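A.B. asks: My questions will all concern the structure given below.
Taken together, the values in this text are just the output of simple stated rules run on the coordinates, not laboratory data. Model, not experiment: these values are computed from the prediction. Glycine gets a Cβ as well: all are built from the backbone with ideal geometry, and neighbour counts include every protein chain shown.
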Amino acid sequence: MESLQTIKSDDMVEIQSKAIKLTHTGNSIKVLSKEEIFKLIDVHEPYYALKEVRVDEHNFVTATIEAEQPLGEEISPIAAAEACRHLAILGSVCCALINPVKQKHYYLAHRGTYKRAAEKIHYTRKKLVATATCTFFSKRMASIKACLLDEDNQLICGIETSFHVVPHALFERLYYNFHKETPDFGVTNPYHQKKPLFDVQFSGLSAAASLGKIQDNYCAGHFPHFPAMPVAILMNTLLDLAARYIHHITADKSLKMYVREMTLLADNLGFSGEAVVLHVKQEAYVDNRFKLHCIATSTDNKSVGDITVIIETVKAF
């Protein structure tokens, strides 16, 4: 099965070496507070869960994270969608630091790729290190590369993501219909649990399901006054449906999933109140590897998530 055009292994190794070097550097490092960061981006807690954010003189940024979301059928230490969540947020911080306009902007993930490193199989679920660098910045677009390391500085995965850079005032004009002064985000962290799938159906080489209507509490911290389903949560539900499909097609519910590679296209935001439907279609199946095309659409058939993924199945251990 042909590899997807994802982040290169050499790029991940380069970022890994920068991160290791940064941990052994003293004087040129700045520690960023949440208050400083929230003045520049409009992603807030609990969706924002970075800790110990540090930046060097070249705007290379690191942070620590802890896995929050249940793995489901994926291999530890962290689900692919959650890894993308933390790395993309850190990447947006990196872009905000480079942005010459030091005002609040929205950094909307538009295109992205993900690649899992294959060096280790068993990871502990301890504190992980996220690293990011901005590779391109203009008035309306930005790109980043980022990697996640374990406690031994070994690569777990990497992403390459491009963002639409949208000033706060422009975002409010574009999406004024979805503004809520006080969204009901609830009191529990929605990222500590998976979203249920409804009306799951299988047909030949495909599967479909409903996520129901997006609720405010699905979007806590994303964004404070414009509750929108984070791309990472949509990715997680699509991958959950992909796992259900693989269990169905193989008739083996004991299989676990390695999300080896993934490409993402997110043309639109899905806002609170919109209904979301998920579809998975098999494009290839060789040995224990599946290539699947997964899409999420909301009200009026609006595309809110489109991923192509290579998943390798392994027996539970």
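A.B. asks: Quick query: amide H of A142 versus all other amide H atoms, modeled in the peptide plane; which residues come in under 5 Å with a sequence gap of 5 or more or a different chain?
C.D. replies: Those lying under 5 Å, H to H, from A142 are F163, V165.
A.B. asks: Summing +1 for each Lys or Arg and -1 for each Asp or Glu, what net charge is found among the other residues whose Cβ lies under 12 Å from the Cβ of T133? Spell out each step's value before the answer.
C.D. replies: Values: positive: K18, K145; negative: D11, E14, D56, E160.
That sum, taken over residues with Cβ under 12 Å, equals -2.
A.B. asks: For a Förster distance of 25 Å, can you work out the FRET efficiency between the beta-carbons of K102 and I20, rounded to the nearest 0.05?
C.D. replies: Numbers: r = 30 Å, r/R0 = 1.19.
It comes out at approximately 0.25.
A.B. asks: So, by mean Cβ neighbours within 10 angstrom, what's the order for 32-45, 229-242, 180-193, 102-115 with the highest one leading?
C.D. replies: 229-242, 102-115, 32-45, 180-193
A.B. asks: Still on this structure: Using alpha-carbon pairs under 8 Å, 6+ residues apart, how would you state the relative contact order of the stretch 144-191 in percent? Could you put the intermediate results ahead of the total?
C.D. replies: Details: 24 pairs, mean separation 11.1, N = 48.
The value is 23 percent.
A.B. asks: Could you order peptides 203-209, 147-153 by the average number of other Cβ atoms within 10 Å of their residues, highest first?
C.D. replies: Details: 203-209: 15.4, 147-153: 19.1.
Listed from highest to lowest mean packing, they are 147-153, 203-209.
A.B. asks: In the set (i) 18.9; (ii) 14.8; (iii) 15.7, which value of mean projected area of the Cα convex hull in nm² was calculated from the structure you see?
C.D. replies: (iii)
A.B. asks: Now, a different point. Highest first, please rank the peptides 57-63, 310-316, 90-96 by the mean number of other Cβ atoms sitting within 10 Å of their residues.
C.D. replies: Working: 57-63: 18.7, 310-316: 16.7, 90-96: 26.9.
Going from most to least packed, we get 90-96, 57-63, 310-316.
A.B. asks: Same structure again: Around M262, what is the net charge, scoring Lys/Arg as +1 and Asp/Glu as -1 over all other residues with Cβ under 10 Å from its Cβ? Kindly include the intermediate steps, with their values, before the conclusion.
C.D. replies: Numbers: positive: K115, R116, R260; negative: E261.
With Lys, Arg at +1 and Asp, Glu at -1, the net is +2.
A.B. asks: Please state the relative contact order of the stretch 9-315 as a whole percent: Cα pairs under 8 Å, 6+ residues apart? Mind showing how you got there, number by number?
C.D. replies: Numbers: 693 pairs, mean separation 53.9, N = 307.
Relative contact order, the stretch 9-315: 18 percent.
A.B. asks: At 24 Å minimum axial length over the Cα atoms and a Kyte-Doolittle cut of -1.0, report the qualifying DSSP H helices in the chain, or say none.
C.D. replies: 80-98, 231-250
A.B. asks: From the mean inverse distance of alpha carbon pairs (Kirkwood) and the Cα radius of gyration, derive Rg over Rh for the stretch 175-317.
C.D. replies: Across the stretch 175-317, the Cα-based Rg/Rh ratio is 1.00.
A.B. asks: Where does the charge balance sit around A63 when Lys and Arg score +1, Asp and Glu -1, over other residues with C-beta under 9 Å from its C-beta? Intermediate results must be reported in sequence, preceding the final value.
C.D. replies: Values: positive: K51, R54; negative: E52.
Its environment carries a net charge of +1.
A.B. asks: Using Cα springs under 10 Å in a Gaussian network model of the chain, which residue among V259, V31, V53 shows the largest mean-square fluctuation?
C.D. replies: Highest fluctuation among the options: V31.
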